[in-house]
1. Given (1) surrounded by fewer than 17 Cβ atoms within 10 Å (Cβ to Cβ); (2) more than 25 Å from Pro232 (Cα to Cα), where does Gly11 come up short, assuming only one miss?
2. Among the residues of the range 122-138, count how many are among the charged types (D, E, K, R) and at pLDDT below 80.
3. Enumerate the strands (runs of 3 or more DSSP E) found wholly within the range 38-121, keeping only those where 1 or more residues are modelled with pLDDT of 95 or more and either closer than 29 Å to Thr237 by Cβ or polar (S, T, N, Q) (or both).
Amino acid sequence: MLASVHLADVGPRDAVVALRASPRPESTPGLRYATTVVAAPLGRSLIAVPQPGRVGLIALWDDDAAIDGFLVDHPLASIFSGGWHVRLAPVQAHEYHRSRGSEQSGSWPGLSGDVNDPAPPDGPKVVLTLARTRPSQLLRFARASLHAARPLAQSPGFIWASALVRPPIVATFSLWQSPASIEAYAYAGDDDSGHRRAMAADRKRPFHQAGVFFRFHPTRSVGELDRRNALPADWMTDLSDRSAEQ
């Protein structure tokens, strides 16, 4: 299994077309799961404001050939062609569904078997949280997510992040310099840190009906985002070397 995330700044018409036209596994060779979303930047301001003209696609695939075929043949691919996409090899996946307060093994569409890599390559990593949120918990989840996102910009090793939303599907997508930087953000500090508070709130009263937490190793990054919350084309390069030169 591989994943891909595609983002593009488009006009209102193309944004509406994209949100109405999520690719379907039954008609897209090699596709396991897909949803189109609206993006909202994280970590650069106190409030994550949706960008109506920035649309995204989150997809799970059989292999690289399936992604190649989508980019060449699918009508939706032209909408994303002027933006950016990243291909992702799974390092870790934890899926779940919750019923009456208990957490059980999940069955997120498109996932099958063990997708964990016991010896992932070094270098940049991607975190994707993908969930089907309870409608009654959307506001609680939004507040908790904002508190968790506020320290991102000051977190060592943080590169870039965005919320990706199409209720009831909500996702957070973040790029990191290393696995250690992810661990430091998620678990370092006191129990009052934004991320720990969000996790505690979810344990007390779950936000989501079902979800999956991914860590990925990026295998290919193409294009860039030029408008607000810009993503540089060279984000996958060794950031530590660049920092040492400054």
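The values are calculated or read from the model by the stated rules, or taken from the named source; none is laboratory data. Note that this is a predicted model, so its numbers are computed, not measured. With ideal geometry, Cβ positions are generated from the backbone for all residues, glycine too; neighbour counts draw on all protein chains shown.
1. Only one criterion is unmet by Gly11, namely (2).
2. Taking the range 122-138 first, the residues among the charged types (D, E, K, R) are 122, 125, 132, 134.
Applying the additional criterion that residues be at pLDDT below 80 yields 134.
Summing the residues that are among the charged types (D, E, K, R) and at pLDDT below 80 in the range 122-138 gives 1.
3. Numbers: elements: 51-61, 84-99, 102-105.
Qualifying strands (runs of 3 or more DSSP E): 51-61, 84-99.
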